[in-house]
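The values are calculated or read from the model by the stated rules, or taken from the named source; none is laboratory data. Bear in mind that the values here come from a model prediction, so they are computed numbers and not experimental data. Cβ atoms come from the backbone with ideal geometry, glycine included; neighbour counts cover every protein chain shown. These area figures cover heavy atoms from the full protein model, side chains too; ligands, DNA and RNA do not enter into them. Shrake-Rupley method; radii C 1.70, N 1.55, O 1.52, S 1.80 Å.
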Amino acid sequence: MEIKVVVGDITEVAADAIVVNLFQGVTAPGGATGAVDEALDGAISDLIADGEITGKKGNAVIHTLGKMPAKRVVVAGLGKDGDFTANTVRDVAGDAARYLRGLGVKKAATILHGAGIGGMDPEEAAEALAEGTLLGLYNFRQHKTGDGGNEGKPEELAVMVFNPEDEEAVRRGIDTGRIMAEAASLARDLANEPANEMTPTRLAAHAEEVATRHGLEFRVLERSDCEELGMGAFLGVAQGSVEPPKFIICRYSGDPADPDNNLGIIGKSITFDSGGISLKGAEGMGRMKADMSGGASVIGAMHAIGQLKPRINVTMIAAATENMPSGSATRPGDILKSMSGKTIEVDNTDAEGRLTLGDAITYARQELGVKRIVDIATLTGAMGIALGSVRAGVFSNNQELVEAVIEAGEQSGERMWQMPLDDDYKEQNKSDVADIKNTGGRPAGSITAAHFVGEFAEETPWVHMDIAGVYMVSRDHGVWVKGASGIPVRSLVRLAQNLARRG
Ligand code: BES
Ligand code: MN
Ligand code: ZN
């Protein structure tokens, strides 16, 4: 969809629909909404008086019946005045965009939610509006043939600005919002693809495409390279599958003069997690096609970072493999030697993510000189039990870094919550026969998994984000569309930008 800026008066625009807004509790709309109300001889205020339009989140439509050049007016509820943030704008824009699509609207115009009465900076408001609109309109129709339930999308959205001085800022905001939304949508696409399509090889090809488009350094380590490096943990997961593993590396140099000004983002990239010999049950196993959501998110983040160009070096790793049962698969009880030299007793082959992350983190630290690490993983079912689908859990050995991650999450509307990492929990990962065991039992399952990963980060500032509760969305609402969530692409991008600004 094209999103453009138009300087002018929304009451004079010809379109299939125009979108105005209303805070909850307002009885006499002002600003642009007020002007539209007037043009409609008070229809909006009448519907407010009747209780049909309330300003609560949600949309209402009024036909203009020739009173204005636009055919319809959609009144988008902004909710309560006090709760208003960029996240409100994104969600309102996402809901409104799907509402317009439902009405069959092709050409729409909208006021800039937040910029007038909301008091937001026009650039920020425009970014949120574009980001929310495009995220909300996302759908995954790649495998539907014919028109396959393909709702025609709105083709054009004109963002109306009254003040010509705001035009440039609004255009910049729209560009940034589009970059953010497209990055998250790329991650959603990669994760929504079934595992027979999104193999490690194909995931690597997609990452390479991103790298080539933005001139980023790119490399894939093949199985033999990983063998030479001693990545016994990663390869132990890969050995049951006929799909060759791909250890994917991509680097953006935003501050070549200061190589230590860097951030490593590492995404768990199991393209299908059957559990291996510790086979999962049939119920819901298909969702494990998205067990590479962490990897998809770091590839998506590089897509945006390559365009927004923050002054920081960002290294991405996606150690991609399937986790399959077979005659060559790792068995429970096997002992693997990780790249770090630590030996691991594989108590359960379904605790595979932490094995791949361990070697990826060691590689990042030892071979790439990464000074700060954020890993993202659909790591434990226990995470969804602890925090549900509202917040991702974050774990860290460095308070400053984890606070920066959480803050970027709040800015992005991708909420997180810090989980504890007391040393006492490490007890549960002790092995009788190796240095460490890959399971810690049922209690605090997300924490023992995080501790396992943390063993490989050692003293390097590190944040682990367990997205197992939030990687999938169950119903359309706001910017969220049923299917892969694209969390935490936008947070990673904002984190890189924020770290760059702080220097
Ligand atoms: N990929 C799963 C975790 C998962 C579960 C993600 C549900 C998303 C939704 C992970 O590899 C796994 O199987 N974890 C096990 C660990 C256990 C064997 C210690 C789990 O959580 O049951
Ligand atoms: Mn598993
Ligand atoms: Zn897994």
For segment 134-188, state which trypsin sites (Lys or Arg not before Pro) are in a DSSP loop and have at most 16 other beta carbons lying within 10 Å of their beta carbon. ARG141, LYS144
Among VAL481, VAL493, ALA449, the residue whose Cα sits farthest towards the positive end of the charge dipole of segment 422-503 (+1 at Cβ of Lys and Arg, -1 at Cβ of Asp and Glu, taken about the Cα centre) is VAL481
Go through ALA15, GLY42, THR27 and say which Cα lies farthest out towards the positive end of the charge dipole of segment 13-95; charges sit on Cβ, +1 for Lys and Arg, -1 for Asp and Glu. ALA15
When the label point is put 7 Å from the Cα of ASP121 along its Cα-to-beta-carbon vector, which residues of segment 401-430 have a backbone N closer than 19 Å? 407-413
For segment 404-503, which trypsin sites (Lys or Arg not before Pro) are both in a DSSP coil and crowded by at most 15 other Cβ atoms within 10 Å? LYS430, ARG475, LYS482
Relative contact order of the chain, pairs being alpha-carbon contacts under 8 Å that are 6 or more residues apart, as %: 15 percent
Net charge contributed by nearby residues that have their C-beta within less than 12 Å of GLY31 (K/R +1, D/E -1): -3
Where Lys and Arg each count +1 and Asp and Glu each count -1, what net charge lies around THR199 among other residues with Cβ under 10 Å from its Cβ? -2
In whole Hz, what ³J(HN,Hα) sequence does segment 267-277 give by Karplus (6.51, -1.76, 1.60; θ = phi - 60°), x for Gly and Pro? x, 4, 9, 8, 6, 7, 10, 7, x, x, 4
Cα gyration tensor, segment 224-299 - rounded (a/c under 1.5), prolate or oblate: oblate
So what's the net charge close to ASP255: Lys and Arg +1, Asp and Glu -1, counting the other residues with Cβ under 15 Å from its Cβ? +4
Expected vector for segment 7-13, Karplus 3J(HN,Hα) from phi with 6.51, -1.76, 1.60 and θ = phi - 60°, integer Hz, x for Gly and Pro, equals 7, x, 9, 5, 6, 9, 8
The Cα extents of the chain along the principal axes, largest first and rounded to whole Å, are 81, 51, 42
Rank these by accessible area, largest first, 1.4 Å probe: GLU414, GLU182. GLU182, GLU414
With everything on Cα atoms, drop me the angle between helix 122-136 and the longest principal axis of the chain, reported from 0 to 90° to the nearest 10. 70 degrees
Do you know the relative contact order of segment 293-396, to the nearest whole percent, from alpha carbon pairs under 8 angstrom that are 6+ apart? 26 percent
Which FRET efficiency value, to the nearest 0.05, do you get for GLU227 and ASN348 by plugging their Cβ-Cβ distance into 1/(1 + (r/R0)^6) with R0 = 25 Å? 0.55
Percent relative contact order for segment 345-500, counting Cα pairs under 8 Å at least six residues apart, stands at 36 percent
Do any GluC sites (Glu not before Pro) in segment 431-486 lie in a DSSP loop with no more than 15 other beta carbon atoms within 10 Å, and if so, which? GLU458, GLU459
